[in-house]
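Colleague: Before I ask anything, here is the structure I am working with.
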Amino acid sequence: MMTIRQVQKEDNPALARMIRAVFEEFNAPIAGTVYSDPTTDELYELFQIKKAVLWVAEENKNMLGCCGIYPTKGLPEDVAELVKFYLPKESRGKGLGKILMEKSIDSAREFGYSNIYIESMPEFSKAVSIYEKQGFYMLKNPMGESGHTGCNIWMLKELDKD
């Protein structure tokens, strides 16, 4: 049975493997991205701050995906970043991504955020089209200080526009 829950410390290795496997599958850049970010190996610890959450979908101890909300440094106080939104190949096309994203967006509202920011890259073009369907629009420049210089697609969603 599939469950969606908050990240736990013991999830760290499996989530890091899953995220890096998605990058490898799409031949996405490694430098300046989540792939090489050391926090990818310590997601539980990363999300132990106020107004942050990482949702994990699992079934029989297998990671089916993750998505979260994070108050990235340098963002305006009312803006959170939608982060760590990854699904392995076998989890895609089943509606799980939509469930995880909507749960994260609901969390952002509960935390009091007015906008959600996201960074991506052309290698993840299908995800970008999903963001657009969810109400995200393109920005000309990045926001905040994620440190992910390999990302060149920046988007924003206004939560009060739903």
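Only the coordinates and a few stated rules stand behind these numbers; no lab work does. This one's a predicted model, so the numbers in the text were calculated from it and none came from an experiment. Because the Cβ atoms are built from the backbone with ideal geometry, glycine has one as well, and the counts that use them run over all protein chains shown.
Colleague: Within 12 Å, Cβ to Cβ, of N152, how many net charges do the neighbouring residues add up to if Lys/Arg are +1 and Asp/Glu are -1?
Modeller: On the way: positive: K140; negative: E119, E123.
Surrounding charge for N152 is -1.
Colleague: If the reach is capped at under 25 angstrom between alpha carbons, list the lysines near K157, excluding any in the same chain fewer than eight residues apart.
Modeller: Within the straight-line limit of under 25 Å, K157 reaches these lysines: K50, K51, K73, K84, K94, K98, K103, K126, K133, K140.
Colleague: Match the structure shown to one of the listed values (i) 40; (ii) 47; (iii) 27 of percent of Cα pairs over 24 Å apart, computed from it, and give that label.
Modeller: Matching entry in (i) 40; (ii) 47; (iii) 27: (iii).
Colleague: Would you calculate, for the chain, the mean residue ellipticity at 222 nm contributed by helices, counting each DSSP H stretch of 4 or more residues as -39,500 (n - 2.57) and dividing by all residues, to the nearest 500?
Modeller: Values: 4 runs with 43 residues, N = 162.
Calculated mean residue ellipticity at 222 nm is -8000 deg cm²/dmol.
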